[in-house]
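Okay, so here's the structure we're looking at.
The values are calculated or read from the model by the stated rules, or taken from the named source; none is laboratory data. Because the structure is predicted, anything quoted here is derived from the model rather than measured. Glycine gets a Cβ as well: all are built from the backbone with ideal geometry, and neighbour counts include every protein chain shown. Note: areas computed on protein heavy atoms with side chains; ligands, DNA, RNA excluded. Shrake-Rupley method; radii C 1.70, N 1.55, O 1.52, S 1.80 Å.
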Amino acid sequence: MAEFKPKIVVFACNWCTYAALDLAGTSRMKYPANFRVIKVMCSGRVDPQFVLEAFKQGADGVIVAGCHPGDCHYVNGNMKTLRRMTMLKKMLEEMGIEKERFRLEWISAAEATKWVQVANEMVEQVKALGPLKPRLEVKE
Amino acid sequence: MSEEIRIGVYVCHCGLNIAGVVNVKEVVEYAKTLPNVVVAKDYVFMCSAPGQAMIKEDIKEHKLNRVVVAACSPAMHEPTFRGVLGDAGLNPYLFEMANIREHCSWVHPDDKEAATEKAKELVRMAVAKARLLEPLEKIKSAVRPAVLVIGGGVAGLRATLDLVERGFDVYLVEKRSVLGGNAVKLGELAYTTLTGKDVVNSLVEKIKANPKAHIFLNSEVEKVDGSIGDFRVTVTRRLGEGKEEKIELNVGAIIVAIGYDPYEPAIGEYGYKTTDKVVTLFQLMDILSEEGPTKGELLIGGIRPKSLAFILCVGSLSTTPNAKPYCSRMCCSASLKTILKIKEKYPDIDVYVFYKDMRTYGKEEDLYWKAIENEVKFIRFDEAPSVKPRDKFVEVEAFDTTIQERIAIPVDAVVLANGMVPATDTEKIRIMLKIGCGADGFLKEAHLKLRPVEALTDGIFLAGVATGPKNIIESIASGSAAAAKAATIVTKEEIEVEPLIARVNEDMCSGCGICAALCPYEAITIEVKEDGKRISKVNSMLCKGCGTCAAACPSGAMQQSGFKDNQVMAQVVATFRGE
Amino acid sequence: MKPVVVVGGGIAGIQAALDLADQGVKVYLVEKSPSIGGRMAQLDKTFPTLDCSSCILTPKMVAVDRHENIELLTYAEVKEVVGEPGNFKVKILKKPRYVDVDKCTGCGQCVMKCPVKVPNEFNLGMDMRKAIYIPFPQAVPLKATIDPEHCLYFTKGVCRVCERFCPPKAINFNQKPEEIELNVAAIIVATGFSLDDARKRGEYGYGKYPNVYTNLEFERLLSSTGPTKGEIVRRSDGRHPKKIAFIQCVCSRDELTNKYCSAICCMASTKEAILAKEHLPDVECTIFFMDVRAFGKGYQEFFERAKQEFGVRFVRARPAKIEEDPKTRNLIVYYEDTETSRFTKEEFDMVVLAVALRPILPESLVKSGLIQPDNYGFADVPEMYIEPVRASKPGIFVIGVLQSPKDIPDSVIQAGAAAMRAAIYAISG
């Protein structure tokens, strides 16, 4: 059987997490090539529907990441993210999507190392779970 | 929207930065297969003049109405390429970037196949979004021709003087009761008989004589609203007897020059505060200054020492568990400068310098040569020396790596060359202004190499040690440099700001008000129309484009330009499949 | 409002010009070579961010070219300056390019057809350019220039091939030098540096042993636009090196040549060692140094990473001499490790010398006493504590390495400072 290469969608805010990923690049840190980053200005822009759509399209995992609480470039957008994503997480579990497949992370612009750590962990976790089972299968 | 979508895709080699890992040709060929892509090309440096010219020509020749560049991070070159579109007569916002360098080639150098695959997908995602982009116009906003300078140390003073001489009103806010910051306590400076205080005085005199300068002592910035060109600032001034006064200011740009604190060694760190024979370098410079506690007389612990040991890198280079990992830059030279001044006045004093790396960079190496000529003894350590107070003297013990022996030297007093740490206010200012800081705790510049005095937030500039250790000359230069940047803003009558803000589709809006309650800037109000219909209204001058309203809108009426639901969704879908 | 002249089109001059022009001040940017860009254009990547140098520089070059307030005078030199702050008269000589820049499209047809090969200064003579040339692919302006010292038409009166093949008919052998006189409020001088002559330290064998390089040559080897397209290969046999030695403080911190520290070399060599490892994962890199001067923001952290993450070896030693194995052309470095007090020798197959920076003083301004050299030959800054970028004469500003050895961020900061001070003269002029 071919090796399972999970695909993980990352919604990253422009000011902290996207910059941390850039820093990981300029610092030549290495992490697995499983991530596809979608930039938003603030993690507060991430509509839970985006996450659901990602899973529907076949994502094996999703990360929503933004600035640390108190550091939001837009006062407190990330606190709204926290509320929304906490709710979403419960919903995902009820839908049969394991909680390890979804993460909310605070990664500041300086924390390239944290990003690499999160990335490695996430790939391992998702690999352990295997591919996300098709929707129909979950229903039955 | 019947216009045919015609997309050009440009894949940059970035020398070997991308092409060394990603198979650029393969990405180009793949891009050509994507719907609406009419041309796809690669080039060694897309950002160079020929690269830009190629895109411009293609826009005309192939009648492109969308452009995708796969290259470095948009943080680097999105403005460059938007400019290219503008030059070619295309709306600059019909542009999307795929980050195949920072997010791909640089982080996956060992798996060229996976990197190439990822690059293709990133291009596919960018093309999918580009297809749905809409032209946007920048928002024009009036500029207040005044500048706020936070911090009255040498960097803030220099910035203030430059800007008032240039003809702008400057509000200088200093939390202490005097101007000058740490520099007033530095005593005589290297290569001159000028003191830190002389430097401060000469700046302050000129500032005070200029009617454009408005100085607020005992004052702190409490709140900052607004954005580039039009910041609204609340300053609190302490009036004594517990009274305070609030002052409202309106400025076009802000310079942050909040300085540093000298590193304060822990009690017992190199014997600090366990004996009065151990002082820090900052304390010593104050002792040696005419205004100091001993009127310039060298007295440590009540005696005039006959021998002195300087320990460098105190608080820096991780020499002790409390120390910072970074280099404080000025302490080697400041120590040697101080030693030479001491040697001049008291030639009989023996001086020992315990150092890790002697960092008298540039012309300051001169101080090192002079110290050697003056028979200052240098002892190099890897492991931090230990300081043991004895009855009448202090013993400094270290493993000297040059002679490979442990040596102990009894001296009358020890000077700890303490470094610089971020000023206590850094955290407060950082959060208030929403600017970042690095792992070292100092404020972060927009780009370390080429934008060293700009914060990531437009209209905010950084001067002096606020961004990291500097000597007095470098701090003053950065004060002028920050002033120049502020001047580029406040000379203009109006400034253009990003149009990536929220907009409402009135037909779809039900006026539920969820968005208005969420908006952190109170930019959204609910209006009742003549027919009684309630709708949201976005004030484009107040909206900063976070998009949290759009994420919450139940009907999809609220959208953020540049990050509309359908645009983000298209990226999500394109992550998994082409069309 | 009066204009300002900026002399020198390296990163310092470019930044000064932009910071002035963005304030609405008219700027003349004078550059002696055919393109702006300076030394930074020759670097592969920059420390400690490892940003690609061209990637961050070229957009600024393009911005200079496009700016409505900047007039670019390339291939031009300042001949004479007289006057007082707020009112200087500057004579500038524009050398003939023998190419009509309004017609030239930078297509490079002429370069391809030109039969004369000349050592390429941009790649420090490590490959050849033509007698008609565009200095490097990102040059601004992207225009051809004929080098009359080597052009067959100028030396022997024959050829004119470029003229025949130039599609827009831009070649003009009759161009004459042109003198321009400007009245300006202030002058910013950013004429930069060259490397000292590494042969002054003959014991390292530069110029004698083919596999000994200067650090600037090594930058060009690393660069994809360099003579080897980014391949690190030895001059003697074209093979990849397995063991590279970097020797610091060559002609710096040295009583016989330059006593000062060149400030950038510790970090530059650290970066070059990291990049060598990126190009050739198995290569071993050793840096021979006296003190690691990692003093700037993020520099110590960069040095630590070089050691720990990239496995760069640092030896605290100033090598005494280098000998060459005549058969293998390998290099034997003799040194005393001052951390073990051990004398030893070690074989390397490539050596990179971190050579001292020497300022390039503009003759015309020195002659007229507007700029005075200091003890080391850098431009003196008499009021360094109040006006850190002001030269001996008020209204004249000296920035970048011309004034003292410094890295890119410090040069950029000084550029901003000079722009600020010059703008004050410009608006009152």
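Couple of notes before you dig in:
- Surface/4 of the Cα convex hull for the stretch A:1-88, nm²: 6.6 nm²
- Label point distance in nm, C:LYS327-B:TYR191, each placed 7 Å from Cα along Cα→Cβ: 5.3 nm
- Measuring heavy-atom accessible area with a 1.4 angstrom probe and counting protein chains only, the residues of the stretch A:102-133 that give up at least 10 Å² relative to the chain alone are A:ALA109, A:ALA110.
- Buried area at the B-A interface (accessible, heavy atoms, 1.4 Å probe, summed, Å²): 4100 Å²
- Cα-based radius of gyration of chain B once divided by 2.2 N^0.38 Å, which approximates compact folds: 1.20
- Only protein atoms count toward the accessible area here, which uses a 1.4 Å probe; on the stretch B:7-136, the carbon and sulfur part of that area reaches 53 percent.
- For the stretch C:196-356, the dipole from Cβ point charges (+1 on Lys and Arg, -1 on Asp and Glu) about the Cα centre works out to 200 debye, to the nearest 20.
- Nearby lysines by direct alpha-carbon distance to B:LYS60 (threshold 20 angstrom, same-chain neighbours under 8 apart not counted): B:LYS32, B:LYS41
- Cross-link pairs beyond the 24 Å C-alpha cut-off, checked among B:LYS118/B:LYS434; A:LYS5/A:LYS114; B:LYS25/C:LYS113: B:LYS118/B:LYS434; B:LYS25/C:LYS113
- Dimensions of the stretch C:245-385 from C-alpha coordinates, computed as largest minus smallest value along each principal axis and given longest first, are 53, 37, 31 Å.
- Percent carbon-and-sulfur accessible area, chain A, ignoring ligands, DNA and RNA, probe 1.4 Å: 56 percent
- Interface residues in the stretch B:387-428 - accessible area drops by 10 Å² or more relative to the isolated chain, probe 1.4 Å: B:THR401, B:THR402, B:GLN404
- Taking the 1.4 Å solvent-accessible surface of chain C as the whole, the part contributed by carbon and sulfur is 50%.
- Summed buried accessible surface, chains B and C, 1.4 Å probe, nearest 100 Å²: 6300 Å²
- Rg to Rh, two decimals, where chain C supplies the alpha carbon set and Rh follows Kirkwood: 0.99
- Degrees separating the helix A:48-57 axis from the principal Cα axis of chain A, which is the longest one: 50 degrees
- Projected onto their three principal axes, the Cα atoms of the protein assembly as shown cover extents of 91, 91, 69 Å, largest first.
- On a per residue basis, the convex hull of the C-alpha atoms belonging to the stretch C:159-274 measures out at 255 Å³.
- Shown for the stretch A:30-72: residues covered by the partner protein chains by 50 Å² or more of accessible area relative to the chain by itself (probe radius 1.4 Å), namely A:LYS30, A:TYR31, A:ALA33, A:ARG36, A:ILE38, A:LYS39, A:MET41, A:ARG45, A:PHE50, A:GLN57.
- Spin-label model, C:ASN183/C:ASP237: points 7 Å from Cα along the beta carbon direction are separated by 6.8 nm.
- In nm, spacing of pseudo-spin labels at B:ILE372 and B:GLU241 (7 Å Cα→C-beta vector): 6.4 nm
- Annotation: per residue accessible area for the stretch B:499-561 equals 47 Å², rounded to a whole number [probe 1.4 Å, protein chains only].
- Those lysines that a straight Cα-Cα span of less than 24 Å connects to A:LYS90, excepting residues fewer than 8 apart in one chain: A:LYS7, A:LYS56, A:LYS80, A:LYS99, A:LYS127, A:LYS133, A:LYS139
- In degrees, nearest ten, helix B:112-131 long axis to first principal axis of chain B (Cα): 60 degrees
- Count of lysine pairs in the stretch B:336-405 with Cα separation under 25 Å (8 or more residues apart, or interchain): 25
- Computed on the stretch B:21-134, the Cα convex hull volume stands at 88 Å³ per residue.
- FRET efficiency for C:ARG164 and C:GLU346, using Cβ-Cβ distance with R0 set to 56 Å, rounded to 0.05: 0.50
- P(r), alpha carbons of the stretch B:262-421 - 10 Å bins starting at zero, rounded %: 11, 43, 39, 6, 0
- Across the stretch B:239-272, the residues whose backbone nitrogen lies under 12 Å from the label position 7 Å along the beta-carbon direction of B:THR424 are B:261-262.
- Accessible area in square angstrom per residue, the stretch C:109-165, 1.4 angstrom probe: 49 Å²
- What the phi angles of the stretch B:192-206 give under the Karplus curve with 6.51, -1.76 and 1.60, with θ = phi - 60°, is a coupling list of 7, 9, 4, 9, x, 5, 4, 4, 4, 4, 5, 6, 5, 4, 5 Hz, glycine and proline written as x.
- Its DSSP H runs of at least 4 residues, each contributing -39,500 (n - 2.57), put the calculated 222 nm mean residue ellipticity of chain C at -6500 deg cm²/dmol, to the nearest 500.
- Surface per residue (accessible, 1.4 Å probe) for the stretch B:149-259, Å²: 40 Å²
- Taking the Cα atoms of the stretch C:9-139, the ratio Rg/Rh between the radius of gyration and the Kirkwood radius comes to 1.00.
- Cα-based reach from B:LYS120 at 14 Å (exclusive), listing aspartates and glutamates while leaving out same-chain residues under 8 positions away: B:GLU26, B:GLU29, B:ASP42, B:GLU579
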